Amino acid sequence: MKEFVLQDDAASRPLKIDYGRELNPEQLDVVLNGDGPCLVLAGAGSGKTRTITYRVAYLLERGVSPEQILLVTFTNKAAKEMIHRVEALLSSSFQPLTSNFQLPNSGTFHSVANRLLRIYCTELGYTKNFTILDEEDAKSLVKACIQTLSVDTGERRFPSPGVLHAMASYARNSGQALRSVVENKYQNFYELIPTIERVVELYEVRKKEADSMDFDDLLLKLRELLFTRDDIRRRLAHQFQYVLVDEYQDTNVVQSEIVRQLSSEHGNVVVVGDDAQSIYSFRAAQIKNILGFPESHPGTKTFRLTTNYRSSPEILAVANASIQQNKEQFEKKLSAMRGSLGRPNLVPAESSAQEAQFIAQRILALRSEGMPLSEMAVLFRAAFHSQALEFELMKRDIPYEYRGGMKFFERAHVKDVIAHLRVRVNPHDEVAWMRILSLMNGIGLATAQKIVSQIRDASSLDEVVSRSLSIPSRAQTSWGILVNLLRKLSREEMGSDLIRVVTGGDYQDYLRAEYPDFMDRLEDLEQFAIFAEGYTSIQTLLDEVSLSADFGAVREDGSHDDEEKIVLSTIHQAKGLEWDAVFVMHLCDDKFPNPRALTEKGGLEEERRLFYVATTRARKHLFFTYPIVSGYDTLMLSQPSLFLQELPSGLLEEVRLKREFMSGVALENSDATIVLDSLGERAPNKDVSKMSFLRGVDEL
């Protein structure tokens, strides 16, 4: 074991924290030798926060002033947690820090930028009382710019203020021209580029005139200040004797340039991150910032934190084997401190429904064994992957918390389509009509109310479309489009067909213009259509959906809202979290990796990093599941994810699911108990209770 000798030449007081006892050798090396440019490659579960905290404490004990330390994180919560830990560390050894201790220059990139701009923004033509626009404020100003320029949004759908702002934001944070972003990511609006550019240019002017900045401006204006005012750059860089940056793999080009400028005088910059967990390129994060750090900062010392305190050796074996397939990376191999707990399970299911049944039953089995629901999570690549599971959890009364978005049937686009189904069944449904009409160009609230008043007493959609209505001229085109859609809906009897008629028409253009993530929303709706194939009656489908809205509501005794819940989360939202048991579901080759990502440079490697992140969220138990056949009535066969196929044999214990038989007849209802057969090396006549551990979990 490497030995370190503590030096305290810079401070008059002796060091009182026993760093050698509190830290492992990898962490201790960073804390004691973190001067100069340093790259800390912190693997999942390796004590990254602990290392940064002790590094800050060490600097303070050496006599560095809190004002000379710049600590940048990606969430205010992380910054507050680190400050709290530093205070706790030093409270017994450094008495002046025990009362209201603060690191005045700590926080997110945006909060640090705001504090600095409040001091120096007059150099850029702003007052010190400039306003910060939140997302809704920014969208409102973009909308005002569209109106000021009298942009014609009627004949052809124009990008919504939200989509326009997303375009501009990505361009600014990635350092690309707006035109390039539209050409590469929003091709449907290619012909509108000149108008889009005019709107964004006016948006920039209007912000400046209003003495306001949006979130992107906080970073862009600070960078501008540092590059155009060398005296201010030197002053700030001289003040920040030590710069520490957390989650450096998630920085964009603007953030990395700010870090470089603020550390340019002393050169003491410690960036901590894990290139294997760089998964936010869609937010303009650039993995090249961390991969290229040694080249951009000559003399960089590289540290590796590879001792994992979170996961079992078997889970880490899967993670290590998977990420080794990536070419663009710093090689490292995580080693476990936990004891062996058995191999992760690979569970092919015959369908999405059976996949959901297995997960739900295994959750109940783990709970019966004493594991709290709050220590379990189900992760998925895209939000629509969870739809079948959500219904299964509802039926079994298993409470869940959804992260990374809204529950499936609460999502706006799903509710839009449900409104069309509702008027097909009940043409008197005024609420559904108002929602449908609100989606149409040129139809505002007053016009919608007038239309509804003229069709309220219609007995069918055929009668609605046959009526001659008084429609304002600006709404006639949209009403004509809707009438054509209603004619098609009136001819359909299956809910799945109705959904596909809606999503195949003008509504698809609406989604494309309204939401930056319109493709994900279309996939949601296709999943909804597949789910609807299981219902022969539209009314039955609507009843199921409506009743599901009450799931999770407070019971009469008020108890349900306080119950612990299992977590359902997209993998992106799960980063930084951990649970005892993790299910990674819908690991089909056409779903994960995401096919769209494969068309982008570096897309496959980022998808593999996403798989790595999902794997390393688990402490004790890890389940990989996927449906062999997609849909309910379709026969589309799915291969397991590429990331499962490329794993060496023997790392996973494959499990076969089959249904219980009663009197020789297979149970066909969705509550049928699932039995496991191991396909691993275990002898088939051993450990029968474990092989059939789902028997009796549910009362059928």
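Summary of values
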item	result
Any pair with Cβ under 9 angstrom, 6 or more apart, that starts in the stretch 294-318 at a residue that is more than 17 Å from Gly576 (Cα to Cα) and in a helix (DSSP H, G or I) and ends at one that is of a type in the set (A, V, I, L, M, F, W, C) and open to solvent by 60 Å² or more (accessible area, probe 1.4 Å)	Pro313/Leu341; Glu314/Leu341
The lone exception for Thr307 - which of (1) among the polar types (S, T, N, Q); (2) surrounded by fewer than 20 Cβ atoms within 10 Å (Cβ to Cβ); (3) at pLDDT below 95 it fails	(3)
The lone exception for Gln239 - which of (1) closer than 18 Å to Leu71 by Cβ; (2) open to solvent by less than 20 Å² (accessible area, probe 1.4 Å) it fails	(2)
Hey, Val243 farther than 19 Å from Lys333 by Cα and in a strand (DSSP E or B) or not	yes
Residue satisfying condition, being among the polar types (S, T, N, Q) and outside any helix (DSSP H, G or I), within set Gln27, Gln102	Gln102
Matching residues in the stretch 448-470 - criterion: being in contact with a Ser or Thr (Cβ under 8 Å, 6 or more places away or on another chain), under 19 Å from Arg435 (Cβ atoms) and either touching a residue at least 60 places away in the same chain (Cβ under 8 Å) or open to solvent by less than 80 Å² (accessible area, probe 1.4 Å) (or both)	Ala448, Gln454, Leu461, Val465
Among (1) more than 30 Å from Glu183 (Cα to Cα); (2) touching a strand residue (DSSP E or B) at 6+ places or on another chain (Cβ under 7 Å), the one test that Ser649 misses	(2)
Single residue of the stretch 149-193 satisfying the filter (charged (D, E, K, R), surrounded by fewer than 20 Cβ atoms within 10 Å (Cβ to Cβ) and assigned to a helix (DSSP H, G or I)) that is farthest from the chain's Cα centre (by Cα)	Glu191
Every residue from the stretch 491-523 that is open to solvent by 20 Å² or more (accessible area, probe 1.4 Å), under 23 Å from the mean Cα position of the chain (by Cα) and touching a residue at least 40 places away in the same chain (Cβ under 8 Å)	Arg512, Glu514, Tyr515, Pro516, Met519, Asp520, Arg521, Glu523
Residue within the stretch 214-221 that is in contact (Cβ under 8 Å) with a residue 40 or more places away in the chain, open to solvent by less than 40 Å² (accessible area, probe 1.4 Å) and in contact with an Asp or Glu (Cβ under 7 Å, 6 or more places away or on another chain) present	no
Failed condition for Ala597, given (1) surrounded by fewer than 20 Cβ atoms within 10 Å (Cβ to Cβ); (2) touching a residue at least 24 places away in the same chain (Cβ under 8 Å); (3) in contact with a helix residue (DSSP H, G or I) (Cβ under 7 Å, 6 or more places away or on another chain)	(2)
Which listed residue, of Ala144, Ala138, is under 30 Å from Arg260 (Cβ atoms), open to solvent by less than 60 Å² (accessible area, probe 1.4 Å), assigned to a helix (DSSP H, G or I) and of a type outside the set (Asp, Glu)	Ala138
The stretch 105-135, subset in a helix (DSSP H, G or I) and without any contact (Cβ under 8 Å) to a residue 40 or more places away in the chain, residue least open to solvent (accessible area, probe 1.4 Å)	Ser111
Residues located in the stretch 265-293, provided they are part of a helix (DSSP H, G or I) and over 25 Å from the mean Cα position of the chain (by Cα)	Phe293
The stretch 358-405: number of residues that are out of contact with any Phe, Trp or Tyr (no Cβ under 8 Å at 6 or more places or on another chain), in contact (Cβ under 8 Å) with a residue 24 or more places away in the chain and of a type in the set (Lys, Arg)	3
Among residues of the stretch 61-77, those that are more than 21 Å from Ser264 (Cα to Cα) and surrounded by fewer than 23 Cβ atoms within 10 Å (Cβ to Cβ), counted	6
Subset of the stretch 399-447 that is among the β-branched types (Val, Ile, Thr) and buried (at least 16 other Cβ atoms within 10 Å of the Cβ) - its residue that is farthest from the chain's Cα centre (by Cα)	Thr447
Selected residue [under 27 Å from Met371 (Cα atoms), open to solvent by 50 Å² or more (accessible area, probe 1.4 Å) and of a type outside the set (D, E, K, R)] from Leu577, Leu610	Leu577
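The values are calculated or read from the model by the stated rules, or taken from the named source; none is laboratory data. As the structure is a prediction and not an experimental result, all values here were calculated from the model. Positions of Cβ are backbone-derived with ideal geometry, glycine not excepted, and every protein chain shown enters the neighbour counts. Heavy atoms of the whole protein, side chains included, go into the accessibility calculation; ligands, DNA and RNA do not. Shrake-Rupley method; radii C 1.70, N 1.55, O 1.52, S 1.80 Å.
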